[in-house]
Structure formats: C-alpha cells, structure tokens
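Below: one structure, written as structure tokens.
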Amino acid sequence: MTERSGQCMCGAVTFTARDVPATYGACHCEMCRRWTGAALVAATVPAKGITWTGNDKIRKIQSSDWAERAWCDACGTGLYYHVTAPGPMAENYEIPIGLFDDTRGMEMTGEIYIDHKIPSLGFTGDHSRLTRKEVLKQFGLAEDFDTLDDGD
Ligand SMILES: [Zn+2]
Ligand SMILES: [Zn+2]
C-alpha cells in the first residue's frame, strides 16, 4: 500500500491516491473489452484516499445496473470503473494501471472472464485465471446472469 499519482492522456484530469495496493488485475468481459479496446487492466483503489483534479472534465455513465465508468471529456481516456450498487465493492475505484505515473513494484495477481479473452492476448505470471462461470459463482450470481442486459 502506497501513494501513487496518475493522469489521463492529456493531463486535464490528474489524481493522487493513498493506499494503492501493489497488486492489480485484468477483466476480459465483453463490456471491459469494448470499453478499453482489449481488456481492463486496473488496480482496486480505496475511494476515500483518491483526490481528483480536473473534475469538470470527468464524465461518467451508468454502464450497468451496478456500476459506472468515467472518462476524460477532453481526451477520452478511461478513468475508472466504480461499483455503484451498495456493498464493500462500492468503496473502491478500479483505476486503469496505465494511468499511473509510476507502476514499479506493482504486479498482476488475477484475471477474470478468462474464457472471454481475445485470442493471443496474454499476461505473464503465475496468477489466478477465473472463467465467467467461476466469477459469477464467487459473487453469488446465477449462471444465466447477463452482464450486457442493461449495459447500454
Ligand atoms: Zn484528458
Ligand atoms: Zn469486465
């Protein structure tokens, strides 16, 4: 856990975050795939420790019943994924790892929706790789749960 800073591509939005974990993960679900262009690779950062600048440039949409996604209105960089449904997940922001100024000492520790991964896209390391089915089970959701139901 350490303090790290970061910004969008154009610098209109910057942030500093306390208690950033040394670990991060990847999501290969269809929504993250389309949002990022390949996979969402992000660190889970406690919301209470994040200070944003350029708030007037931060735009967001409710991308599903349970979460919102934000971007910089000046350059289009994806800024965060945030669970809006009540619960412990709502206290964190998933901040794309590429936004951080310095990622030294950080390590990928898990991937989810691995069965939806784009061919040839692969992250190195000996970490967990959960299928969609395994993820839904972990969150106590039914197997016919459709992440795209209210996605757009
Ligand atoms: Zn920007
Ligand atoms: Zn996802």
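The values are calculated or read from the model by the stated rules, or taken from the named source; none is laboratory data. All values reported here derive from a predicted model rather than from experimental measurement. All Cβ positions, even for glycine, are placed from backbone atoms using ideal geometry, and neighbour counts span all protein chains on display.
Kindly indicate whether any position in the stretch 85-98 is touching a residue at least 24 places away in the same chain (Cβ under 8 Å) and more than 25 Å from Val20 (Cβ to Cβ).
no
Give the residue, chosen from Ile61, Ile112, that is within 15 Å of Cys32 (Cα to Cα) and in contact with a helix residue (DSSP H, G or I) (Cβ under 8 Å, 6 or more places away or on another chain).
Details: Ile61 fails: in contact with a helix residue (DSSP H, G or I) (Cβ under 8 Å, 6 or more places away or on another chain).
The unique qualifying residue is Ile112.
Could you grab me the full set of residues in the stretch 50-106 that are away from ligand 2 (no atom under 16 Å from the Cβ) and of a type in the set (Asp, Glu)?
Asp56, Asp73, Glu91, Asp101, Asp102
For the structure I just gave you, tell me whether Asp65 is away from ligand 1 (no atom under 16 Å from the Cβ), modelled with pLDDT under 95 and either farther than 29 Å from Leu136 by Cβ or acidic (Asp, Glu) (or both).
Criteria met by Asp65.
Note down all Cβ pairs under 7 Å where the first residue falls in the stretch 58-84 and is without any contact (Cβ under 8 Å) to a residue 40 or more places away in the chain and over 12 Å from Glu94 (Cα atoms), the second is among the basic types (Lys, Arg) and more than 14 Å from ligand 1 (Cβ to nearest atom), and they're at least six residues apart or on different chains.
Lys60/Arg69; Ile61/Arg69
Look at Glu111 and say whether it is buried (at least 18 other Cβ atoms within 10 Å of the Cβ), within 16 Å of ligand 2 (Cβ to nearest atom) and within 16 Å of the chain's Cα centre (by Cα). Write out each step before concluding.
Working: buried (at least 18 other Cβ atoms within 10 Å of the Cβ): yes; within 16 Å of ligand 2 (Cβ to nearest atom): yes; within 16 Å of the chain's Cα centre (by Cα): yes.
The answer is yes for Glu111.
Tally time: how many residues in the stretch 1-31 are more than 16 Å from ligand 2 (Cβ to nearest atom) and acidic (Asp, Glu)?
Here is the first cut: in the stretch 1-31, the residues more than 16 Å from ligand 2 (Cβ to nearest atom) are 1-23.
Filter once more, so that each one left must be acidic (Asp, Glu): 3, 19.
Matching residues across the stretch 1-31 total 2.
If you check Glu91, Glu30, which single one turns out to be in contact with a strand residue (DSSP E or B) (Cβ under 9 Å, 6 or more places away or on another chain) and among the acidic types (Asp, Glu)? Please lay out each step first, then the result.
Details: Glu30 fails: in contact with a strand residue (DSSP E or B) (Cβ under 9 Å, 6 or more places away or on another chain).
Step by step, each of Glu91, Glu30 is checked, and only Glu91 is in contact with a strand residue (DSSP E or B) (Cβ under 9 Å, 6 or more places away or on another chain) and among the acidic types (Asp, Glu).
Specify which of the listed residues (Val45, Val41) is under 25 Å from His127 (Cα atoms), part of a strand (DSSP E or B) and away from ligand 2 (no atom under 15 Å from the Cβ).
Val45
Looking at (1) surrounded by fewer than 17 Cβ atoms within 10 Å (Cβ to Cβ); (2) out of contact with any Pro (no Cβ under 8 Å at 6 or more places or on another chain), which is the one condition that is false for Glu91?
(2)
Name every residue in the stretch 1-49 that is surrounded by 15 or more Cβ atoms within 10 Å (Cβ to Cβ) and hydroxyl-bearing (Ser, Thr, Tyr), in order of residue number.
Across the stretch 1-49, the qualifying residues are Thr14, Thr16, Tyr24, Thr36, Thr44.
Might you let me know whether the stretch 79-92 holds any residue that is at pLDDT 95 or above and within 16 Å of ligand 1 (Cβ to nearest atom)?
Looking through the stretch 79-92, at least one residue is at pLDDT 95 or above and within 16 Å of ligand 1 (Cβ to nearest atom).
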